[in-house]
Amino acid sequence: MSSKKPGRNDPCPCGSGLKYKACHAAEDRAKAAPPPPAAHPLAEDLKAAMEVLGDSDTSRLSGCLVRLGALLAEWGPAPGLRFDAKAFADHVGPELALLSEKEGQDAASARRELLVGTVRKLGTPAFLEQLGTALIARASEPGRSASDRQALCVGVLFASASKRLGRARPEDIPVLDVVFDVQFREWSAKHAELVKKYEALAGGFAEETLPPEAREALQQARDGDVDALLRYVQSDPGIAERIAREAKERAARVEARLREPSSPPVFAPEEELWLTCVLWEPMQALKSLPQDAGPETRREAVTTLMRAVKGALDPDFLSGLLGRLREKAKEASADEAARAAFMDTAIAFEAEPARMTLAALLTSRQEAVGRSAEEMVMLADLKALTTWTPESFEPYRELLNSMGMPAAAARIQRCQEWLREHPVTLRTETV
């Protein structure tokens, strides 16, 4: 047979007498075609995510978006997972100031207006492509759970929506809403932390002793213009140094008190149980490291634990904890030293919640105390179990509801939701 490819209407080289197009042309084309590409490792997850998007029951989609937001918050401001930080701050700060001046606008419509303006400005096709690439890379990481992969793949599909549909508005792409919500919380926390640290510093000195510029910036921050305070602190290294020094000294005092046997517990029982549920696995992973574990392995375990701590400290948890500490700092029945200690603790937890929470868990000598005899018995029964399940927490949740403590009962319900995905098996020797 000739090595030259015959024409369609030439006799087939095989000698059949038929034209090439009617004989071996199709077979030769099949042999010359490249092999089909290998299936994408996330093909099944992307298919499942498509089913979630097409499901008339939107609760599955809502759950995926909530989980995606939790993952973004856990990972922090990593490349590709946030809008440009400077552009975000430059846009959100002035817009928030304008919104605060509008009368009669409710919080929901103000948030929507801020969201729409931000994602229209920053949710560009280039950002969406970058976000989709980052999410698919995270979903491909080994050890990722099926539910996490599904949430990430839902985000990937939404990130590619504008490319597929061509005219999708940024405010109609839910994954941008998730990114905005996470980044806005981080931005707000950063500014709030600065204001609180500065107010704590000013509280340690007579305010009239501060320079006029400092007093003016502090007042502007109290009136809602946190950027004025941020600019002042950044422009005065001395103030920044005083804030850091005061915070460090206060944290050291509080940690020392936590180690004293007579110091009262920081957490309420439901808070302590929540932290135990969420932190059990990373805490055990850190404790079980072999003595010869390398610095990199140990550093990774500590980083995982700190991420878990930050994830456990949701706004409701922190507001409840700080509110209770401040109330104790005002109790008339307590002596001045006790009130000062509670205020010190509140300021320290507000400034560095993750660090102080971990310090309290690792060094505190007293466990949370029940508020009634029945609650103390139930807590003892829970801690005597070898495995925690949602069902084992149900009697305690019902008790808290009967005691008129809905917020505490809601926290236990969150424990139950967590335990459905992450059952806790307690070590016998630690019970």
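Run down 327, 336 and say which single residue is under 24 Å from residue 256 (Cα atoms), open to solvent by 40 Å² or more (accessible area, probe 1.4 Å) and either at pLDDT 85 or above or in contact with a strand residue (DSSP E or B) (Cβ under 8 Å, 6 or more places away or on another chain) (or both). Before you say what the answer is, go through the steps one by one.
Working: 336 fails: either at pLDDT 85 or above or in contact with a strand residue (DSSP E or B) (Cβ under 8 Å, 6 or more places away or on another chain) (or both).
Checking each option against the conditions leaves just 327.
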Go over the candidates 358, 379 one by one and state the one that is in contact with a Gly (Cβ under 8 Å, 6 or more places away or on another chain) and under 12 Å from residue 272 (Cα atoms).
-> 379
By residue number, the members of region 138-156 that are open to solvent by less than 60 Å² (accessible area, probe 1.4 Å) and without any contact (Cβ under 8 Å) to a residue 24 or more places away in the chain are 144, 145
Residues of region 354-386 being in a helix (DSSP H, G or I), touching a residue at least 60 places away in the same chain (Cβ under 8 Å) and under 25 Å from residue 309 (Cα atoms), which ones?
-> 355, 356, 357, 359, 360, 361, 363, 379, 382
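Are any residues in region 286-320 hydroxyl-bearing (Ser, Thr, Tyr) and either closer than 25 Å to residue 341 by Cβ or surrounded by 20 or more Cβ atoms within 10 Å (Cβ to Cβ) (or both), and if so, which ones?
From region 286-320, those hydroxyl-bearing (Ser, Thr, Tyr) are 288, 297, 303-304, 319; that's our starting set.
Answer for region 286-320, where residues must be hydroxyl-bearing (Ser, Thr, Tyr) and either closer than 25 Å to residue 341 by Cβ or surrounded by 20 or more Cβ atoms within 10 Å (Cβ to Cβ) (or both): just 319.
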Within region 259-276, can one find any residue that is touching a residue at least 24 places away in the same chain (Cβ under 8 Å), farther than 30 Å from residue 397 by Cβ and touching a helix residue (DSSP H, G or I) at 6+ places or on another chain (Cβ under 6 Å)?
-> yes
Of the residues that make up region 234-252, is at least one at pLDDT below 70, surrounded by fewer than 19 Cβ atoms within 10 Å (Cβ to Cβ) and part of a loop (DSSP other than H, G, I, E, B)?
-> yes
Which of the residues belonging to region 387-406 are outside any helix (DSSP H, G or I), under 21 Å from residue 417 (Cβ atoms) and not hydrophobic (A, V, I, L, M, F, W, C)?
-> 387, 389
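Among the candidates 39, 85, 89, 97, which residue alone is within 30 Å of residue 140 (Cα to Cα) and either open to solvent by less than 60 Å² (accessible area, probe 1.4 Å) or modelled with pLDDT under 85 (or both)?
Details: 85 fails: either open to solvent by less than 60 Å² (accessible area, probe 1.4 Å) or modelled with pLDDT under 85 (or both); 89 fails: within 30 Å of residue 140 (Cα to Cα); 97 fails: within 30 Å of residue 140 (Cα to Cα).
Result: 39 is the single residue among 39, 85, 89, 97 that is within 30 Å of residue 140 (Cα to Cα) and either open to solvent by less than 60 Å² (accessible area, probe 1.4 Å) or modelled with pLDDT under 85 (or both).
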Per-region count, region 344-373, residues open to solvent by less than 70 Å² (accessible area, probe 1.4 Å) and either under 19 Å from residue 251 (Cβ atoms) or among the β-branched types (Val, Ile, Thr) (or both) | 19
Residue 408 vs. criteria without any contact (Cβ under 8 Å) to a residue 60 or more places away in the chain and at negative phi | no
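One residue is enough: does region 399-422 have a residue meeting the conditions of a type in the set (Val, Ile, Thr) and farther than 26 Å from residue 70 by Cβ?
Filtering region 399-422 down to residues of a type in the set (Val, Ile, Thr) leaves 412.
Remaining after also requiring farther than 26 Å from residue 70 by Cβ: none.
Looking through region 399-422, none of the residues is of a type in the set (Val, Ile, Thr) and farther than 26 Å from residue 70 by Cβ.
In this structure, does residue 404 turn out to be over 30 Å from residue 250 (Cβ atoms) and exposed (fewer than 13 other Cβ atoms within 10 Å of the Cβ)? Outline the logic, then answer.
Working: over 30 Å from residue 250 (Cβ atoms): yes; exposed (fewer than 13 other Cβ atoms within 10 Å of the Cβ): yes.
Answer is yes for this residue.
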Answer yes or no: is there a residue in region 271-285 that is among the acidic types (Asp, Glu), within 21 Å of the chain's Cα centre (by Cα) and open to solvent by less than 20 Å² (accessible area, probe 1.4 Å).
-> yes
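The values are calculated or read from the model by the stated rules, or taken from the named source; none is laboratory data. Quick caveat: nothing in here was measured; it's all calculated off a predicted structure. FYI the Cβ positions are ideal-geometry reconstructions off the backbone, even for glycines, and counts take in every protein chain you see. Side chains are part of the model used for accessible areas, which takes the heavy atoms of the whole protein and leaves out ligands, DNA and RNA. Shrake-Rupley method; radii C 1.70, N 1.55, O 1.52, S 1.80 Å.
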